[in-house]
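S.K.: Please read through the structure below; I'll follow up with questions.
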Amino acid sequence: MPVFELQQSATGQRNRIAGLFRANAHRHAKCNWQSGSVTHSISVPARSRPKTWEVRLTELSLLAPGWDSYDADPPQSEPLAAAKVFLACLRESSKEPATLNPTVVGGLGFTFRNGDRKAYIEFRNTGSLLMLLSDGVNPSSVKRYLKDIPAYRDIISSIETYLNADHT
Amino acid sequence: MPTIPSAMKSAGRFCDPLFLADETLFRRVPTRLWDTADKPPIEAIDLPDISVGRSKYGHPEWVRHDAVNGKHFDKWGVIGIVVSAIPNPFANNGVALEFSCVHDPLENDYPHTEIRMFDGGEHLDRLDGISEEMHLLWRESALREVRILLRPRQKCRDREECPLSHIVAEIPQV
């Protein structure tokens with residue numbers, strides 16, 4: 001823990017933490033992707049951990065062939081580079097995924113969630129970019145996208161619309 | 001590393017092509033993909049030619065053994081799908097795929113099986129055999145049918161004997 005935090009009074013620390021929570025609540029009032037969940041109200045603001053997802057991307061770039069113990073290919077440089085740009089667009093929109101994983105079919109995937117609803121973005125080693133929208137019950141939909149910034153912004157907008165749509 | 005249970009080895013047994021509808025197929029999932037209490041992610045669902053174990057001749061924890069490479073993944077989760085729950089046939093945009101379970105015993109892994117994909121009777125063993133949209137839709141459909149048999153980091157001791165039934169028995173606690 002930094003020295004300055006150790007030197008703060010207990011009351012000061014409580015006030016500081018409370019301020020962080022208020023700021024966080026304000027941010028999510030505008031970005032209501034996971035409304036209603038307990039974890040949502042205590043999540044760390046995306047801007048306070050700007051390197052987290054890039055670090056994850058770097059980890060994925062180090063995977064070896066057969067990383068799943070079967071015969072999965074690691075994510076190739078092209079989808080990794082595209083995913084980095086997509087991450088930048090997410091940050092620009094103050095959004096962040098729930099998970100970022102390699103996929104056993106070759107490539108990597110971002111998942112965004114709100115309750116049972118899921119938006120899954122897959123950057124494939126084949127060069128394709130697909131988005132799947134699913135609530136786990138009704139038929140899923142899949143759409144193919146180009147890999148450029150306008151398409152990423154379109155994806156982000158579609159995710160927000162889908163995840164925040166009326167669930168009834 | 002735990003040794004492979006002797007009952008897991010083929011020991012001269014022939015393949016058994018008969019799969020019952022309520023037989024379960026097992027697959028291990030790396031902790032780098034699934035390491036939480038949540039459901040396994042879609043990134044873990046493979047296609048085509050999915051390597052699995054089968055409940056008629058093996059236990060879920062046995063697939064934590066990588067019999068090909070001589071490794072054991074004691075922290076990896078294990079998921080299962082019942083044969084009748086495999087999305088099969090699977091149709092999309094006028095294309096209908098069929099899936100078949102093929103027992104493919106290995107010397108150190110008798111339960112080893114492959115879920116294979118066919119189009120008009122032709123075995124498709126490459127991703128370029130179908131559209132990527134259909135590929136992703138099938139994986140999502142399969143994910144909905146997946147059951148969690150061993151959670152990531154769930155401790156379990158290997159059973160040494162073959163299963164008494166193809167119905168998955170309770171996992172023995174350590």
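None of the figures in this text is laboratory data; all of them are computed from the coordinates on show. Predicted, not measured: the structure shown is a model, and the values here were computed from it. Glycine also receives a Cβ, built like all others from the backbone with ideal geometry; neighbour counts cover every protein chain displayed.
S.K.: If I model a spin label at residue B:126 and residue A:52 as a point 7 Å from the Cα along the Cα→Cβ vector, what separation in nanometres do I get?
M.R.: Taking the two extended label points, one gets 4.1 nm.
S.K.: Going highest first, how would you order B:94-105, B:16-27 by mean Cβ packing within 10 Å?
M.R.: Per-residue mean Cβ counts within 10 Å order the peptides as B:16-27, B:94-105.
S.K.: Expressed in nm², what is the orientationally averaged projection area of the convex hull enclosing the Cα positions of region A:83-168?
M.R.: In nm², the orientation-averaged hull projection of region A:83-168 is 5.6.
S.K.: Moving on to the next point. Students often get this wrong: which residues of region B:46-61 have the backbone nitrogen under 19 Å from the point 7 angstrom along Cα-to-C-beta of residue B:21?
M.R.: B:55-56
S.K.: I'd like the projected area of region B:51-107, averaged over all directions, using the convex hull of its alpha carbons. Report it in nm² with one decimal.
M.R.: Here the figure is 5.2 nm², rounded to one decimal.
S.K.: Turning to a different aspect of this structure: Calculate, axis by axis, the spread of Cα positions in region B:19-150 along the three principal axes, and write the results as whole Å, longest axis first.
M.R.: 43, 32, 27
S.K.: Taking each residue in B:128-137, count the Cβ atoms of any other chain within 10 Å of its Cβ, then average. What number comes out?
M.R.: If you average over the peptide's residues, the count of other-chain Cβ atoms is 5.
S.K.: Could you let me know the centre-to-centre spacing of region A:51-102 and region A:133-168, using Cα atoms, in angstrom?
M.R.: 19 Å
S.K.: Applying 1/(1 + (r/R0)^6) with R0 = 22 Å to the Cβ-Cβ distance of residue B:107 and residue A:63, what FRET efficiency is obtained, to the nearest 0.05?
M.R.: 0.20
S.K.: Between residue A:144 and residue A:98, what FRET efficiency comes out of the Förster formula 1/(1 + (r/R0)^6) with R0 = 30 Å and r the beta carbon distance, rounded to 0.05?
M.R.: 0.85
S.K.: Follow-up question, since we're still on this one. When Cβ neighbours within 10 Å are restricted to other protein chains, what is their mean count per residue of peptide A:113-124?
M.R.: 2
S.K.: Using Cα pairs closer than 8 Å and at least 6 residues apart in sequence, work out the relative contact order for chain B, in percent.
M.R.: Relative contact order for chain B comes out at 34 percent.
S.K.: Right, next: Between residue B:149 and residues 5 or more places away or on another chain, which pairs have amide H atoms under 5 Å apart, with H built 1.01 Å from N, and which residues are they?
M.R.: Those lying under 5 Å, H to H, from residue B:149 are B:78, B:79, B:80.
S.K.: In addition: Each label point is 7 Å from the Cα along the Cα-to-Cβ direction; what then is the distance between the points at residue A:89 and residue B:36, in nm?
M.R.: If labels sit at residue A:89 and residue B:36, their model points lie 2.3 nm apart.
S.K.: For region B:1-55, rounded, prolate or oblate, judged on the Cα gyration tensor with a ≥ b ≥ c (square roots of eigenvalues), a/c < 1.5 rounded, else prolate if a/b > b/c?
M.R.: Numbers: a/c = 2.46, a/b = 1.49, b/c = 1.65.
It is oblate, given that a/c is not under 1.5 and a/b is not larger than b/c.
S.K.: Here is a further query. Sort B:59-67, A:109-117 for me by packing, meaning the mean count of neighbouring Cβ atoms within 10 Å per residue, highest on top.
M.R.: The densest-packed peptide leads the list: B:59-67, A:109-117.
S.K.: Here's something else I'd like to know. How many partner chain Cβ atoms sit within 10 Å of a residue's Cβ in peptide A:134-142, on average, as a whole number? Walk me through the numbers before you get to the answer.
M.R.: Details: counts 6, 0, 4, 1, 0, 3, 7, 3, 9.
Averaged over the peptide's residues, the number is 4.
S.K.: With a cut-off of 8 Å between alpha carbons and a minimum separation of six or more residues, what is the relative contact order of region A:49-163 in percent? If you can, show how the numbers build up before the last one.
M.R.: Details: 184 pairs, mean separation 21.7, N = 115.
Result for region A:49-163 is 19 percent.
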